[in-house]
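Notes follow once the structure below has been shown.
Since every read-out is calculated from the coordinates, none of them should be taken as a lab result. Owing to the predicted nature of the structure, the values given are computational and were not obtained by experimental measurement. Here the Cβ positions follow ideal geometry from the backbone for every residue, glycine too, while neighbour counts run over all protein chains shown.
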């Protein structure tokens, strides 16, 4: 990586390998998103905001924590934009910051106590998604 | 030495803005042979051309170099100007300093330098040019139209009305094409059959038109003015002279389970069938795959039923070879397969249809007799959702990159037809953009929304799922940023259109290129939109690109005019840039003969003078009418005997040298 | 681009990674690019001959022009009826006269205006390119590309990329005939 | 042909049934599964960012080990399969990731994606063959109407997973048919169960799973199968009201082959 710190939007497009300009604003990602009822910024708007460089606002978006990584938006996007990759890049941008983890290993005992049937996979993925 | 004049065009500011034309004029003055050089605002204008003519006479020029736009643009213009001044037109060379220089470079110094180099290369080549004289060939006064849809029918009618013979080759058993399947047409809501069938009948009855239905083009040879085409007429198993079209055979046919392509597979038909009531010719055909007689040997009811004794199980395919002066491609389109778009449940629910299937449902001759019914349960729908842009405008590897152009309008039409008949049905259209450029088009779309209450929602549908006997449509409203769940009874998908897959084979036979989407390419995207790059082959209708019926008919007429222009000539002037063999160098190896794609090279035993001695040798001879001038033979020739007029080895070498100086 | 894939595949194959290389070292860094040093205060400008067939690539180049898509002025185009008109000797001649790179452009395979011309080109150039190493000239100085009449953007990007490739290779010193120098 | 078997974390703990039934069945079908002693957790989620290298390494180690043994890597868990398949593809196609990962791992021979990643179901279809499987079934599940739940991980993104038609898959239905059951196709079989958000948004997961279960029930399914422990957890947790048992596909396979219990009487799995 170059020593010069790039703009956040550039970092996001580079990390994700996604070109948000390919988006034609059809909204199919938002139409298909299973978390839609729980999010503040719908995926199509998320893509637009990356394109417009509004990363700051995205860092506090609920979508970062409610995206299921189900890849329905990736699969169904007619333009091959891959919105979930942008969400992941912004999420990483957030949790890579010091003390910005959304969940930490300290949270694990409470989960397991609540329900001992919880599969390992669930805890691992939560930590992988929500902490660095 | 050849006296050369150099003319540098400004092209307004197109060239002069980036290239210092005066500097170019000065720089080339010292080039070998150049006796005159000048610049002019617009060389292609009458003033520019007359300047060329004048200079040729005044300075007794033997050749001219024009530094201007691409030779693909104005080579012919300048050749004509030179010819008018008594020069052989092939003593003109063009240096392309616009498309290949001024338009792509920004730095004036750099562009000027390059323009000088390009001009020098042209001068170097011109110094080796020889006057060339094209040969002549005759024109067969008959045209072939491949495809019998509205595009092909209209082209054929226009040519025939001008007094020339036309043959239509159509692969299906009837002419009419896609338009015959439609119910109404936008933006006037004319009944498609009412305006199409008279044209079909007119074509069939026209004394100058011959129809080859259920036929395919098998082989094409020859060139503009005289194509030889082999047409295979598939066996209908019905004698067309004897059949009176009574239809009794169809009634009696016991095999009634074949998929009916005219209804897009939504209904069944018998093994012996006429595609639809107004088919032309009104002549049945036996689908041998479905016929019990052909599959099991045990039937023959149609033969018994036929009082005209027209059924002929022994009938075989016939091949006809015919000559044509011009060929028109009108191979049409089809809706693309939606196998890869099953998020809309197309292959999982009978109530999810393509627009063309829905068109059949709306049509009185369709599978439901024109009643709007759900195919799953035969009930009347309460709510219908239309989804636009399915497979169009895609960059996902399975769709089409282009806008299919007709979907916005036919969706508005279908929505309107539904609302007109059943105002109580909720109709929702999901769109990304509504594209309605065209006369009375936007008004039409607005009428659907305003007068008929069709609900237009900007946004796409993400998933369609069967839910409690209905279809749940999960979509987005982009203007409200809301996810919507709509219960629908039918979902209609505006599938992207694609060129008919049969076009590829025909294109290859005629050396007509296809673009990345398999549409035929035009000779020039703006200025020669109905001509293919192959001389004598023209394009009509959807095979060239998405277009609606009025545009198709307009293009069909344009293609006919081009054909008429060709057929009205008695002689065609050929391309003099053909291969030529130096018989004193030819060693008779046949390398060239083997790779010539046009069989233009033959070998002859010939008396040849070699170093003052007369010898009999086997030497290559080029047929100048058949040679198309590709030059493949020149490189293959081991002895260097073969060369290409207008692009000789020495000329190209001279260009290389001039550029690398 | 059957011609170029071979060399690209080789270039892309991961070299045995040095174990002490930092994990974030940029992949495929080009070291020692002889042509890049500045001469007389001016960066090296290669001389590139681009042969274009009349029906596809020349039209593609025209489209690049009318779409105002820029590529370096180092590229000079020679029009031939078909890429199969290009005698390998033309290419050698160009190198002999001091060209730094030669690119051959034709219609896409299967789309040749003369049906089969570009297939001949493909075979001929494969042979020529395999001999170039023997002549002491980097075969990366030559390339065959298929550019259709509709691919103006592609023509421009191929030219940009090729010029960049030749710039990295530097001046063609191997075959340049001193007798041809002025 | 033997497979390099990669069970993954959950199969050794909460999803032992998935693992054991799969192994016993493979043995019965004559497909040797060789488990690498030193496998590590694949990470359960695929790191979508291109600059995530460390989170890819565990998967690459397993892939490389399979290459050393010259065998295909066999997965069962949907999440493992997803991660393995996509990271393997990165190693084939993404030069930057390939270079950096290899620099880090310092393997004797750089790993460039040579291993083939095969899901157990693909093995059943392509190596054993569903026709052959049908012949080996001792206790067909005749009359059982069962829906396949694919979830997301096996299918999407289809360009990378190359598993089945992402919107209308059929491999599990074909499998169900082979073991004698009556497959039930329902539209929500490829929609997300909520996945790892279960801890954060129980209500959302409940809603999503409810839709899946309801959709399957509407089409007449009496039970579901899945290949993913997390899907099963989510569906079971939210399915108690729905009275819809959710099994691992391997459990039904073992039942059909008669290897799930020591006695040979087929045992109806309790609802």
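With a point put 7 Å past each Cα toward its Cβ, work out how far residue B:38 is from residue B:309 in nm, to one decimal.
Roughly 8.4 nm, to one decimal.
What would the Debye formula give as log10 I(q)/I(0) at q = 0.14, 0.19 Å⁻¹ for the alpha-carbon point model of the stretch D:129-257, no solvent?
-0.58, -1.03
Indicate the gyration tensor shape class of the stretch B:238-341 (rounded, prolate or oblate), computed on the Cα atoms with a ≥ b ≥ c the square roots of the eigenvalues: a/c under 1.5 is rounded; otherwise a/b larger than b/c is prolate and the rest oblate.
Numbers: a/c = 1.93, a/b = 1.18, b/c = 1.63.
It is oblate, given that a/c is not under 1.5 and a/b is not larger than b/c.
Listing C:63, D:29 from the residue with the fewest other Cβ atoms within 10 Å to the one with the most, what is the order? Don't jump to the answer; show the numbers that get you there.
Details: C:63 23, D:29 17.
Going from least to most buried by this count: D:29, C:63.
Counting partner chain Cβ atoms within 10 Å of every residue's Cβ in D:36-47, what's the average?
On the way: counts 0, 0, 0, 0, 0, 4, 2, 3, 11, 9, 4, 4.
Across D:36-47, the average partner-chain Cβ count within 10 Å equals 3.
With each run of n ≥ 4 DSSP H residues scored as -39500 (n - 2.57), what mean residue ellipticity at 222 nm is computed for chain A after dividing by its residue count and rounding to the nearest 500 deg cm²/dmol? Each step should come with its number before you reach the end.
Numbers: 9 runs with 68 residues, N = 132.
Result for chain A, helices only: -13500 deg cm²/dmol.
With a cut-off of 8 Å between alpha carbons and a minimum separation of six or more residues, what is the relative contact order of chain D in percent? Mind dumping the intermediate values first?
Values: 464 pairs, mean separation 53.8, N = 271.
In percent, rounded to a whole number, it is 20.
How large is the Rg to Rh ratio of the stretch B:335-498 when both quantities use alpha carbon positions and Rh follows Kirkwood?
Radius of gyration relative to Kirkwood radius: 0.93.
Under the Kirkwood approximation applied to all pairs of distinct alpha-carbon atoms, what is the hydrodynamic radius of the stretch B:319-367 in Å? Working shown, then result.
Numbers: mean 1/r = 0.0693 Å⁻¹.
When all Cα pairs of the stretch B:319-367 are included, the Kirkwood radius is 14.4 Å.
Using the eigenvalues of the Cα gyration tensor, what equivalent ellipsoid semi-axes result for chain B when each is taken as the square root of five times the eigenvalue, whole Å, largest first? Present the calculation step by step, with values, prior to reporting the outcome.
Values: eigenvalues 625, 247, 86 Å².
Output for chain B: semi-axes of 56, 35, 21 Å.
Rounded to the nearest 500, what is the 222 nm mean residue ellipticity of chain D from helices alone, with -39500 (n - 2.57) per DSSP H run of 4+ residues and division by all residues?
Numbers: 10 runs with 112 residues, N = 271.
The helix-only estimate for chain D comes to -12500 deg cm²/dmol at 222 nm.
Given N residues in the stretch B:264-407, what is Rg(Cα) / (2.2 N^0.38 Å)? Walk me through the numbers before you get to the answer.
Details: Rg = 20.6 Å, N = 144, 2.2 N^0.38 = 14.5 Å.
So the Cα radius of gyration is 1.41 times the expected 2.2 N^0.38 Å.
R0 = 56 Å: FRET efficiency of residue D:142 with residue B:452, Cβ-based, nearest 0.05?
Numbers: r = 53 Å, r/R0 = 0.95.
That gives a FRET efficiency of 0.55.
Take every residue in peptide D:229-236, count the Cβ atoms of other chains within 10 Å of its Cβ, and give the average of those counts.
Working: counts 4, 7, 2, 1, 6, 2, 0, 1.
The shielding value for this peptide is 3.
I'd like to compare B:653-660, B:346-353, B:370-377: which one has the highest average count of other Cβ atoms within 10 Å, and what's the full order after that? Before the final figure, lay out each step's value.
Numbers: B:653-660: 22.4, B:346-353: 19.9, B:370-377: 15.9.
Packing order, densest peptide first, comes out as B:653-660, B:346-353, B:370-377.
Label-point separation (nm) for residue B:59 and residue A:111, each offset 7 Å from Cα along Cα-to-Cβ?
A separation of 8.5 nm, rounded to one decimal place.
Could you give the radius of gyration (one decimal) and Dmax (whole number) of the Cα atoms in the stretch C:44-171, in Å?
13.6, 40
Using a 10 Å cut-off on Cβ to Cβ distances, tally the other chain neighbours for every residue of A:92-99 and report the average as a whole number. The partial results should precede the final answer.
On the way: counts 5, 1, 0, 0, 1, 0, 0, 0.
For this peptide, the per-residue mean of nearby foreign Cβ atoms is 1.
Report the Cα centroid-to-centroid distance between the stretch B:112-188 and the stretch B:376-447 in angstrom, as an integer.
34
Can you sort D:130, C:162 from fewest to most other Cβ atoms within 10 Å of each residue's own Cβ?
Numbers: D:130 17, C:162 26.
Least to most surrounded, the residues fall as D:130, C:162.
Along the Cα-to-Cβ line of residue B:317, 7 Å from the Cα, sits a label point; which residues in the stretch B:194-227 have backbone N less than 20 Å from it?
B:211-221
Express as a percent, rounded to the nearest 5, the fraction of DSSP beta bridges in the protein assembly as shown (both residues included) that run antiparallel.
Beta bridges within the protein assembly as shown, antiparallel portion: roughly 40 percent.
So what does log10 I(q)/I(0) come out to for the stretch B:79-170 at q = 0.12, 0.16, 0.22 Å⁻¹, using the Debye formula with one equal point on every Cα and no solvent?
-0.72, -0.76, -1.03
Quick one: if you stick a label point 7 Å off each Cα along the C-beta vector at residue B:608 and residue A:48, how many nm between them?
Result for the modelled spin labels: 7.5 nm.
Run the helix sum for chain B: -39,500 (n - 2.57) per DSSP H stretch of 4+ residues, divided by residue count, reported at 222 nm to the nearest 500 deg cm²/dmol. Can you show the working numbers first?
Values: 18 runs with 179 residues, N = 661.
Calculated mean residue ellipticity at 222 nm is -8000 deg cm²/dmol.
To check my understanding: the extent here is largest minus smallest coordinate of the Cα atoms along each principal axis. What are those three numbers for the stretch B:534-661, in Å, largest first?
69, 42, 25
In terms of the ratio Rg/(2.2 N^0.38 Å) built on C-alpha atoms, what value belongs to the stretch A:78-120? Display every interim value, and only then the final one.
Details: Rg = 15.4 Å, N = 43, 2.2 N^0.38 = 9.2 Å.
Cα-based Rg divided by the globular estimate yields 1.68.
Along the three principal axes, how long is the stretch B:144-217 when you take its alpha carbons, biggest first, rounded to the nearest angstrom?
The principal-axis extents, from largest down, are 34, 26, 16 Å.
Using a ≥ b ≥ c from the Cα gyration tensor of chain D (square roots of the eigenvalues), is it rounded, prolate or oblate, where a/c under 1.5 gives rounded and otherwise the larger of a/b and b/c decides, a/b for prolate? Numbers along the way, then the final one.
On the way: a/c = 2.03, a/b = 1.38, b/c = 1.48.
It is oblate, given that a/c is not under 1.5 and a/b is not larger than b/c.
Hey, fewest Cβ within 10 Å first, where do D:41, B:586, B:9 land in order? Could the numbers behind the result be given before it?
Values: D:41 17, B:586 22, B:9 28.
By the 10 Å Cβ count, ascending: D:41, B:586, B:9.
What does the convex hull of the Cα atoms of the stretch A:20-72 come to per residue, in Å³, rounded to a whole number? Mind showing how you got there, number by number?
Details: hull volume 3.8 nm³, N = 53.
In the stretch A:20-72, the Cα hull volume divided by residue count equals 72 Å³.
What would the Debye formula give as log10 I(q)/I(0) at q = 0.06, 0.09, 0.10 Å⁻¹ for the alpha-carbon point model of the protein assembly as shown, no solvent?
-0.67, -1.33, -1.43
Given a cut-off of 24 Å, what percent of all Cα-Cα pairs of chain A lie beyond it?
On the way: 2770 of 8646 pairs.
The answer is 32 percent, as a whole percent.
Work out Dmax and Rg for the stretch D:3-120 from the C-alpha atoms and quote the Rg first, both in angstrom.
14.0, 43
Between residue D:243 and residue D:95, what length comes free when the chain is fully extended (0.36 nm per residue of separation minus the Cα-Cα distance, one decimal in nm)?
Numbers: separation 148, 0.36 × 148 = 53.28 nm, distance 4.94 nm.
Going from the current span to full extension adds 48.3 nm.
Go through B:28-34, B:455-461 and give me the packing order, highest mean Cβ count within 10 Å leading. Working shown, then result.
On the way: B:28-34: 15.7, B:455-461: 22.0.
Per-residue Cβ counts within 10 Å, averaged per peptide and sorted highest first, yield B:455-461, B:28-34.
I need the calculated FRET efficiency for the pair residue B:401 and residue B:639, taking r as the beta carbon distance and R₀ as 35 Å, to the nearest 0.05.
Details: r = 48 Å, r/R0 = 1.38.
Computed FRET efficiency for residue B:401 and residue B:639: 0.10.
Pulled fully out, how much extra length does the chain show between residue B:3 and residue B:375, if you take 0.36 nm times their separation in residues and subtract their Cα-Cα distance?
Numbers: separation 372, 0.36 × 372 = 133.92 nm, distance 8.01 nm.
125.9 nm is the gain from fully extending residue B:3 to residue B:375.
Over all distinct Cα pairs, what is the inverse of the mean 1/r for the stretch B:579-645, reported as the Kirkwood hydrodynamic radius in Å?
Values: mean 1/r = 0.0845 Å⁻¹.
Every distinct Cα pair counted, the radius reaches 11.8 Å.
How much space per residue, in cubic angstrom, does the convex hull of the C-alpha atoms of the stretch B:248-305 take up? Provide the component values of the computation, followed by the final result.
Numbers: hull volume 4.4 nm³, N = 58.
Spread over its residues, the Cα hull of the stretch B:248-305 gives 75 Å³ apiece.
If packing is taken as the average count of other Cβ atoms within 10 Å, what order do C:118-131, B:596-609 fall into, highest mean first?
On the way: C:118-131: 18.9, B:596-609: 15.3.
Result, highest mean first: C:118-131, B:596-609.
Rounded, prolate or oblate: pick one for the stretch B:4-126, where a ≥ b ≥ c are the square roots of the eigenvalues of its C-alpha gyration tensor, a/c under 1.5 means rounded, and failing that, prolate if a/b is larger than b/c, else oblate.
Values: a/c = 1.79, a/b = 1.45, b/c = 1.23.
Prolate is the answer for the stretch B:4-126, as a/c is 1.5 or above and a/b outweighs b/c.
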